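Below you'll find the structure, written out as structure tokens, and then a few comments.
The values are calculated or read from the model by the stated rules, or taken from the named source; none is laboratory data. It should be emphasised that the depicted structure is a prediction, and the values quoted were computed from it without experimental measurement. Methodologically, a virtual Cβ is constructed for each residue, glycine included, from the backbone with ideal geometry; neighbour enumeration extends over all protein chains shown. With ligands, DNA and RNA removed, areas are computed over all heavy atoms of the protein, side chains included. Shrake-Rupley method; radii C 1.70, N 1.55, O 1.52, S 1.80 Å.
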Amino acid sequence: MTLKDILPKLFPAGHEISTSGNIISGTGETASGTVRIIGTANNALIGIKELIELSKLFLDVIKNNPGQPILMLVDNNGQRMALEDELLGLNQYIAHLIKLQDHSMRHGHPVVALVYGNSIAGGFIAFGLCAADTCAMPDCHTSVMILPAIARVTKLPLE
């Protein structure tokens, strides 16, 4: 399922979305009011750059739109497996984004995650798993770890 398919169904009253690389943001209109949309697209790999961008979006909602509901649209292929990201403390950036999701909920922002594409391993832990409610579209793909990675880590044959 693509964003073009899903957004009109979620927000028949209208929506405005902008993209920056594989990060999406914007608003959707519902009968109850405006919902802030923060998401990932195109099977994004979640690295430090993406985590900083997503964190900025959460901080903006917290600061400028008290209590506004947040819909996290999830489509990622896991955390970026790059030496640079690991050396710079990728796990700490993941923890920061999770804390912002928790902070949002503790300060009156309803937070819901909708997996519409992929949700893989650390990418899903960082962005999607910690929402108050996490839902998935029927055609989405979720996985804790893909089989080739499991084989590599466990040193077992892929078969």
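General remarks:
- Relative contact order computed over the chain (Cα-Cα under 8 Å; 6+ residues apart), in percent: 20 percent
- Seen against the Cα atoms of the chain and their longest principal axis, helix 90-106 is set at about 30 degrees.
- Summary value for the stretch 1-83: 27 percent relative contact order, contacts being C-alpha pairs under 8 angstrom separated by 6+ residues.
- Straight-line cross-link partners of LYS49 among the lysines, defined as a Cα under 26 Å from its Cα and at least 8 positions apart when in the same chain: LYS4, LYS63, LYS99.
- Cα gyration tensor, the stretch 72-159 - rounded (a/c under 1.5), prolate or oblate: oblate
- With 0.36 nm allotted per residue and the present C-alpha distance subtracted, the ILE150-ASN64 stretch has 26.7 nm of extension available.
- The chain: proportion of alpha-carbon pairs further apart than 26 angstrom, %: 25 percent
- Pair SER20, LEU158: separation of 7 Å Cα→Cβ label points (nm): 3.7 nm
- Within the chain, DSSP assigns beta bridges of which about 45% are antiparallel (rounded to the nearest 5).
- Each Lys and Arg Cβ is given +1 and each Asp and Glu Cβ -1; about its Cα centre, the chain then shows a dipole of about 200 debye.
- The stretch 37-89 versus the stretch 98-144: alpha-carbon centroid distance in Å: 11 Å
- Accessible area per residue, Å², the chain with all protein chains present, probe 1.4 Å: 55 Å²
- With every protein chain in place, the stretch 22-131: carbon and sulfur % of accessible area (1.4 Å): 56 percent
- Working from label points 7 Å from Cα in the Cα-to-Cβ sense, the ALA13 to LEU87 distance is 5.0 nm.
- Each Lys or Arg adds one and each Asp or Glu takes one away; over the other residues whose Cβ falls under 14 Å from the Cβ of ALA44, this sums to -2.
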